[in-house]
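Computed from the coordinates by the stated procedures, all read-outs in this text should not be read as laboratory data. Only a predicted model underlies this, so the values are computations on that prediction, with no experimental measurement involved. Backbone-built Cβ (ideal geometry, glycine too); neighbour counts: all protein chains shown.
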Amino acid sequence: MKTLLACILTALCWVSCTSPNPQIGKTEITKWYGDKTGAVSITFDDGIINQLTIAKPILDSLDLLATFYIITGKVEGSGKGKFIGRNPAEIIRETANVPTDSSNFFERASLIAFTGTSEAEDYHARVGSLFEQGKVDQAYALIDEGYEKIRKGTIQDTDDVIFHNNVEDTTTWAQYKSYSDQGHEIASHTVTHPRLAVLDEANMLYELEQSKADLLKFIGTESVFTAEGPYGTENERVMEYAHTIYPALRNRMPEEWLEEINRGSQMTPGQSEKEYVQWQRGPLTRTDVAQMKSWVDTLMNHDHTWLVLVYHGVENLGWEPKTRQELVEYFSYLKEKEEKVWIAPFRDVTQYIRERKATHVTTEVNAERISISLSSILDPQVYRVPLTLKTYIPSDWKNVQGTQGKNKLDLVLGNDEKGDFVVYDVIPSDEKVVIELSDNE
């Protein structure tokens with residue numbers, strides 16, 4: 001009897017001692033590229049030349065990449081702004097006898113910016129602002145006022161600097177292509193920077209599609225993934241059209257797991273329980289660097305925050321300009337935090353978080369090898385930002401190597417309360433990832 005009991009105890013001990021650790025082989029896609037704490041995207045609107053001659057060299061000196069949303073109609077060789085529709089003279093004549101209402105508003109708001117003066121463009125912008133604020137009757141009245149001036153010939157050229165007519169903005173497509181080749185994102189801010197919410201269908205589609213066509217022609221597919229509708233519009237009708245043309249918009253994203261805090265919101269990232277938070281901040285001329293730095297500090301206190309910075313003017317040119325000195329100080333501060341914060345163009349961060357959410361990971365484990373397979377519903381020709389994986393390995397694997405197909409992986413060893421692990425980047429693809437013991441001591 002004693003002999004039998006001893007045998008049973010020995011067998012149980014052997015099973016217990018040789019049972020594999022269930023944590024071994026567990027693989028997760030880290031929340032952010034590089035297993036960082038959060039992400040920052042530096043974005044610029046309007047394609048103002050100082051962004052490219054002052055801000056970009058500062059970024060380049062720090063090896064930081066940004067997104068530049070450009071007004072394509074300003075660039076030589078592009079499709080220019082135009083009104084698509086009936087004879088403008090006929091529309092102008094009608095305004096004398098037919099008040100503006102819902103039946104003719106979009107047509108008139110689309111045309112007015114192309115009737116010849118900066119004041120007419122200003123009417124378009126102000127009408128759009130009223131409309132998006134829900135002040136529809138006031139928008140109708142302002143359109144009637146503008147067309148009355150046009151009919152009477154009293155509309156004026158106010159000599160205002162309108163971004164899309166600014167003669168100083170002389171950047172060429174060849175230059176934009178070189179910036180894209182360096183890793184910066186060059187993307188659409190439409191053809192003429194209109195109030196998209198008050199354009200009729202034909203003119204709205206032209207602004208969105210022609211801008212995309214020129215970016216695709218002169219730069220390539222890397223420039224047509226994201227776009228930004230002017231004035232930060234979140235108009236439902238605009239979003240419905242724009243999301244069929246561009247995979248992502250800085251204006252608004254459709255994902256339920258993403259909280260979007262726009263520039264005017266007082267909400268803070270800590271108030272959201274969603275998996276990801278896109279926190280947009282728009283530094284104005286009066287915004288001091290200390291406040292801008294505090295946004296980065298807030299980001300680092302959470303693990304779900306993507307800080308999206310929205311700049312316009314630089315060094316006395318453009319709307320709400322920031323100075324060279326401020327940009328040097330702030331971008332240098334961001335660089336100091338790069339070990340914990342992923343700083344990347346808007347396109348890259350969008351692709352990463354979508355890839356992470358859409359990718360399924362499976363693993364196979366044996367004594368000397370862990371095989372990892374990735375599967376995704378996304379198009380790998382479009383979504384190609386590397387994913388960062390974290391795989392747990394046996395504690396006695398002191399020398400490990402990793403491959404994905406024929407490519408050798410750069411493994412970073414670490415450990416936490418769950419055990420030892422390796423962190424590495426892979427290209428989203430069907431090729432298996434293999435983590436195994438290395439022959440090298």
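Summing charges over all other residues whose Cβ lies under 10 Å from the Cβ of Leu111, with Lys and Arg as +1 and Asp and Glu as -1, gives 0. Just for the chain, what percent of DSSP beta bridges are antiparallel, to the closest 5? Expressed as a percentage, antiparallel bridges in the chain total about 55. Distance between the C-alpha centres of the stretch 183-213 and the stretch 363-441: 41 Å, rounded to the whole angstrom. A DSSP coil position with no more than 13 other Cβ atoms inside 10 Å describes the following GluC sites (Glu not before Pro) in the stretch 40-96: Glu76.
In loop segments of the stretch 64-93 as defined by DSSP, the trypsin sites (Lys or Arg not before Pro) with at most 14 further C-beta atoms inside 10 Å of their C-beta are Lys80, Lys82, Arg86.
Rounded to the nearest Hz, the phi-derived 3J(HN,Hα) couplings of the stretch 98-112 under the Karplus curve 6.51 cos²θ - 1.76 cosθ + 1.60 (θ = phi - 60°) are 10, x, 6, 8, 5, 7, 10, 4, 5, 5, 5, 5, 5, 6, 4, where x marks glycine and proline.
Only Cα pairs under 8 Å and 6+ residues apart enter the sum, and on that basis the relative contact order of the chain stands at 22 percent.
Look at the dipole of the chain built from charges on Cβ: of Leu62, Pro194, His304, the Cα furthest out on the positive end belongs to His304.
Taking label positions 7 Å along the Cα-Cβ direction at both Gln133 and Arg324, the computed distance is 3.8 nm, reported to one decimal. Going down the table (Lys406/Lys432; Lys357/Lys390; Lys82/Lys152; Lys56/Lys177; Lys26/Lys406), which pairs top 18 Å between alpha carbons? Over 18 Å apart, Cα to Cα: Lys82/Lys152; Lys26/Lys406.
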